[in-house]
1. Charges at C-beta only: +1 for Lys and Arg, -1 for Asp and Glu. How large is the resulting dipole of region 76-181 about its Cα centre, in Debye rounded to 20?
2. Using a 1.4 angstrom probe, figure out how much accessible area region 61-132 has per residue, in square angstrom, rounded to the nearest whole.
3. With r defined as the distance between the Cβ atoms of residue 89 and residue 56 and R0 fixed at 35 Å, what FRET efficiency is calculated, to the nearest 0.05?
4. Can you send over the carbon and sulfur percentage of the accessible area for region 134-177, probe radius 1.4 Å, protein chains only?
5. Can you work out ³J(HN,Hα) from phi for every residue in region 155-162, in order, using Karplus 6.51 cos²θ - 1.76 cosθ + 1.60 and θ = phi - 60°, giving whole Hz and x for Gly and Pro?
6. Can you figure out the FRET efficiency of residue 104 with residue 139, using R₀ = 22 Å and their beta-carbon distance, to the nearest 0.05?
7. Would you mind getting me the FRET efficiency between residue 38 and residue 15? Use the beta-carbon distance for r and R0 = 41 Å, nearest 0.05.
8. Looking at region 120-168, which trypsin sites (Lys or Arg not before Pro) are DSSP coil and have at most 14 other C-beta atoms within 10 Å of their C-beta?
Amino acid sequence: MMPAPTPTESDEERRPTAVLLVYTWDLLRSILVFFVAFAAFGGATDISGRTVELSLPLQILLALSSAALGAVLLLIGILLTRHAAWVRRAQITVLAMMIGIGLLSFLVVQGRDGFHRDQLLGPLLATLFLALLDLLALFAMTGRRIVAWYREPGPVPMYIGALVAFWAAVSAAYIVIALLG
């Protein structure tokens with residue numbers, strides 16, 4: 001059995017800086033998402049200025065959904081420095097979904113009973129800040145040097161797809177429940 005080849009210094013020198021910045025953002029974002037997973041066990045959520053109690057099964061489901069997103073971000077972040085093309089595709093997909101789901105859930109949850117100015121500024125700024133950083137990371141992943149960096153073909157592993165699908169399904173259900181309820 002031959003030892004795995006080690007990257008040469010020239011490979012490390014040519015690594016795009018944007019990959020390392022997105023890697024750092026993925027790891028920071030995964031830490032933030034794990035805090036959201038723990039916060040799901042608070043027993044209630046704030047929707048348009050009013051507190052809504054959550055059942056234990058719903059708390060567990062929301063926590064598992066956030067944990068799935070955190071795991072995906074952690075896994076993709078760790079694999080970003082590899083040359084596999086699926087890593088870039090998965091990163092772009094997850095970033096785009098986080099932007100869309102984050103903005104949509106903010107609009108639905110805050111707009112359910114009308115936007116209250118006194119309770120809107122903090123969540124709005126936080127949502128826009130995260131969406132902007134995700135958008136910058138998404139833009140960085142489409143750069144010419146980045147596309148050239150991810151040159152090895154291959155499919156996205158099933159476990160990554162399953163975690164993303166679970167997170168997206170629970171997030172969509174939460175948005176629908178907030179919209180209808």
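1. Numbers: 8 positive and 4 negative charges, 94 e Å.
It works out to roughly 460 debye.
2. Each residue of region 61-132 exposes 47 Å² on average to a 1.4 Å probe.
3. Numbers: r = 37 Å, r/R0 = 1.05.
Computed FRET efficiency for residue 89 and residue 56: 0.45.
4. Details: 2060 of 2670 Å².
Summing carbon and sulfur atoms, their accessible area is 77 percent of the total for region 134-177.
5. These are the phi-based 3J(HN,Hα) values: x, 5, x, 4, 5, 5, x, 5 Hz.
6. Details: r = 20 Å, r/R0 = 0.92.
Taking R0 as 22 Å, the efficiency between residue 104 and residue 139 is 0.65.
7. Numbers: r = 34 Å, r/R0 = 0.82.
Between residue 38 and residue 15 the formula returns 0.75.
8. Details: sites: 144, 145, 151; in loops: 151.
Here the trypsin sites (Lys or Arg not before Pro) that fit, given the DSSP loop and packing criteria, are 151.
The values are calculated or read from the model by the stated rules, or taken from the named source; none is laboratory data. Model, not experiment: these values are computed from the prediction. Glycine also receives a Cβ, built like all others from the backbone with ideal geometry; neighbour counts cover every protein chain displayed. These area figures cover heavy atoms from the full protein model, side chains too; ligands, DNA and RNA do not enter into them. Shrake-Rupley method; radii C 1.70, N 1.55, O 1.52, S 1.80 Å.
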